[in-house]
């Protein structure tokens, strides 16, 4: 293995030295679609917690993950700023490398008794976000379009975040709406309103298409850190809608019963992925 | 004329009743690409003031506007939230109708002795922003892509706005970079650092292509109000770069001498456009 | 009026000399989003003829157009190549200026007894196509995405045009599917299968937003010529589907009864628009 | 390994049965971004052969590939129609899954004495094309925009393919032009004008980011078949231009000496990738 491309812990990442984490694979690393982790993130979320039939959710979990009580989450988010630690100047030097939008659906589950969340569906709008995600184990596809309500402190006649404010977000792909979330704010929220998961489980996967090829198929736990929740949390009535599309299957988890929704800002780091199992089965 | 489509002053706009301000023109107005003004805006700017040869700037001014002292401005901006007053629910019900990005170049000038600014070049990324702009007199074209540095309070290891922070933005069209602005923050700014223009001059224009057609060609003054500057103003070294492109001519104003740059948030309203002259000449 | 910008007949267009037909309005015309007509077009169509309730169709016609027998048409198309006659090198020098996709719905109607077609809905994917269209009288909005089946003579295992081949196309905007057409080819078609309209009626429109402004609101007849139908015409079972969207109202003409569909190639010229009536009412 | 996901030879692909070749990985395979090979392609190319300094080209070749005589190729192409053999209805049922555009640069080389071509740079405009490419070993990144001259038989006043016709194509990413090719047709071409490569070498790659993870790093030979060249081949003066961009390094192979260019249509199949070496070094 090309060990000089591996990032074993945070310490090894501090040289701010590029190499090719992925295509284009060159000695300089300059044209790699993205650098290796750690990845740092600062994002704004419209999140709705909901319940669905546990059996329907189990369908999307790789073995040996077990569905929890039918709890799940959908969000549309604006990853306002994100970097690879090895490429800290991207927000200034290449803004298209440092901001993206994401929509996702997550399922509460356990791995050998340890509670966590697994995201069967994730859509983003940048290629480097696909690559980062896949290498960590996130199941990303490219959206045509992800949009959400954005408010501004200084626009006349449009209220900023507060009781009564309504927010929504959507994701579309191949010319079809896939997912809507919406939130009608009823009160200020607190950190306790966030349903946090001790672990995030995911599946690193790279397929073989001929005999003799290696492949990757690993159940992993994303190594997270630096979690920081913004002060402005808003709580309210939430709504989730899924739509049929030929290359999607999120409607399999309908009907859903929304619990409530949140608007918040969140910062965190993904350091890499710890392997739990090899050659798992979906 | 279809007077029910005209908006004469703010009072007439308060019914929150849609009609067709532009195509698709239907009795209900539901599918009009955008509603009539007033338009409200809340935006984040990376702005660089610069000087160029006054004669080169005069080239882009319609008669009888006169170039000032060669002062000009370029910005890349995120119009985080904007509405037509008649469609106040768009940010929630149709987020793609309520946010866009814009890059522009403006020239200091006078109209019969009255100082103001005229924007010969403006690029945006939404069709309804084109229509709103044109009907007010702004010269908008559609960018492939407008991107700018976006910072987030909660991302680890990426500093938020402050001394030493660097910001940039760009606009591309037809596969070519057209314009770059960048800012290296050196100090906190104040409202006095903004070079405000008493008037914004513009050109309402709709062409005829056969005898017997009406056309529109009016020098106007945009009717602005509700200006509100955000508290967070940042001042620093600015840079502007223009690039050649087959369907652009912004490089005609090169070379430019940058003065300084600003990062700030701004809210305002455009009520419509007051006609100054008819059938002007470019 | 700026008469040097007017194109009265084809003869005046032969100098291949640019001027500003629309923004950006400059002496050179180099950065005009598009040049004046004539416009030449070569396009591939998936077209479905259908019937709807005449009263529902009449709703979308400006006065004094009268709906015909409820006949209508929907198409998704690939405008493979198009130019302004004044900018004949665009396909080579600026490919993004010379190709676009379009979806539309048209209604059979009469103007003072003279039969024709009027298109209440048209979506495209390029700004210069919006401007050309509007200046001629076509009601264009920008799609997120227009896609259609594209076949290739040399791909293995995918049949080319022929009996049994299926084609489809769609248009999406603001993250929602708006329109689908599909065709199941049952036989070779002929020129007689095309339902041609002697006239194309349209509405040139530019709004006023304050007293003193001029506006444009003209019922026009598009001046067409050089029609050339390709040899390869395919006929079959057609299907049309319209979808709800907040800023669209094409579903008002549901239910529709499809008649049949066609696949064909077509070339033509638009010279400009002849005014029929001023200050019409929708 | 999940052997039911492997495709060992063409025979195993004939069931037209979907499974998850890549994310989203589900039991049904319905939402997999793409199905396993074989992949069939029908594409239109603007191709320019050129020479560069062999040492500069060697820089981009993984070991043990050896640069040939400095011969290389750049193209911009329209993959008009393509399918996974397991998803043959995509062109009709989901047109966004069956057409894309691609630009690339290839380098003539040898693998242990066997001549072939290796593509260090490839840009496309669809996520499923990224995934297909990577799993075969192609180094794909997502372009903002790939455009090329498209001609149409029936457009008035624009000549179709023939002597004197000029064609061009470009690729842009992150708001910057990366690559231009152009062709000035001087004569009809023949199959002999195509510089064919006995083998296409590529690099299957999936990175590890923590100890314990598997990774993939294989030098492979793409298994090609069903090559069919279209009748219409056009030969002429070619030109290639590369541009600087922060996340690209194609300009490293400047200066280039163009040899000639071609316009042609080509159909072919990729069955998968045969492993030549494991754990190679770039």
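Only the coordinates and a few stated rules stand behind these numbers; no lab work does. Because the structure is predicted, anything quoted here is derived from the model rather than measured. When we count neighbours, we look across all protein chains shown, and the Cβ atoms used for this are built from the backbone with ideal geometry, even at glycine.
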Any idea what diffusion coefficient the stretch B:59-100 gets from Stokes-Einstein, in µm²/s, Kirkwood Rh on alpha carbon pairs, 25 °C, 0.890 mPa s? 182
Modelled label-to-label distance, residue C:195 and residue A:30, 7 Å Cα→beta-carbon offset: nm? 6.0
Segments B:236-247, A:156-167, C:22-33 sorted - mean Cβ within 10 Å per residue, highest first: C:22-33, B:236-247, A:156-167
What is the minimum Cβ-to-axis distance for chain A, in whole Å, where the axis maps A onto D, and to which residue does it belong? A:206, 2
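Sorting B:171, A:109 on the 10 Å Cβ count, fewest up front, what's the list?
Numbers: B:171 32, A:109 26.
Ranked by crowding around the Cβ, least crowded first: A:109, B:171.
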When each copy gets a label point 7 Å from Cα toward the beta-carbon at residue D:196, what are the spacings between them in nm, shortest first? 4.5, 6.3, 7.3
Return the calculated 222 nm mean residue ellipticity for the protein assembly as shown, to the nearest 500 deg cm²/dmol, obtained by summing -39500 (n - 2.57) across DSSP H runs with n ≥ 4 and dividing by the residue count. -1500 deg cm²/dmol
Let me know the mean shielding of B:218-228 by other chains, meaning the per-residue number of their Cβ atoms within 10 Å of its Cβ. 2
Residues residue B:231 and residue A:224, FRET efficiency given R0 of 45 Å [Cβ-Cβ distance, rounded to 0.05]: 0.85
Output row, site residue C:51, 7 Å Cα→C-beta label point, backbone N cut-off 14 Å, window the stretch C:69-83, residues C:69-73
Distances in nm, one decimal, shortest first, from residue B:257 to the same residue in every other copy, taking the label point 7 angstrom along Cα→Cβ. 4.6, 7.2, 7.6
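Does the protein assembly as shown come out rounded, prolate or oblate, given a ≥ b ≥ c as the square roots of the eigenvalues of its C-alpha gyration tensor, rounded meaning a/c under 1.5 and, failing that, prolate meaning a/b above b/c? The partial results should precede the final answer.
Numbers: a/c = 1.38, a/b = 1.20, b/c = 1.15.
Rounded.
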Two-site FRET efficiency, residue A:114 against residue D:281, from Cβ-Cβ distance with R₀ of 41 Å, rounded to 0.05: 0.60
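Just tell me how shielded A:165-175 is by partners: mean number of partner chain Cβ atoms within 10 Å of each residue's Cβ, no decimals. Mind dumping the intermediate values first?
Numbers: counts 2, 4, 3, 5, 2, 6, 1, 9, 6, 11, 19.
Across A:165-175, the average partner-chain Cβ count within 10 Å equals 6.
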Highest mean packing first, using Cβ neighbours within 10 angstrom, the peptides B:269-282, A:41-54 sort as A:41-54, B:269-282
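Determine the shielding of peptide A:84-90 by partner chains: average, over its residues, the number of Cβ atoms on other chains within 10 angstrom of each Cβ. Present the calculation step by step, with values, prior to reporting the outcome.
Numbers: counts 0, 3, 0, 2, 3, 3, 4.
For peptide A:84-90, the averaged partner shielding equals 2.
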Compute the helix-to-body angle for D:127-136: its Cα long axis versus the longest principal axis of chain D, expressed 0 to 90° and rounded to tens. 80
Defining the label point at 7 Å along Cα→Cβ, can you sort the distances from residue B:63 to the same site in each other copy, shortest first, in nm? 4.0, 7.4, 8.3
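State whether chain A is rounded, prolate or oblate according to the following rule on the C-alpha gyration tensor (a ≥ b ≥ c being the square roots of its eigenvalues): a/c under 1.5 gives rounded; otherwise a/b larger than b/c gives prolate, and the remaining case gives oblate. Walk me through the numbers before you get to the answer.
Values: a/c = 1.72, a/b = 1.25, b/c = 1.37.
Oblate shape, in that a/c is at least 1.5 and b/c is the bigger or equal ratio.
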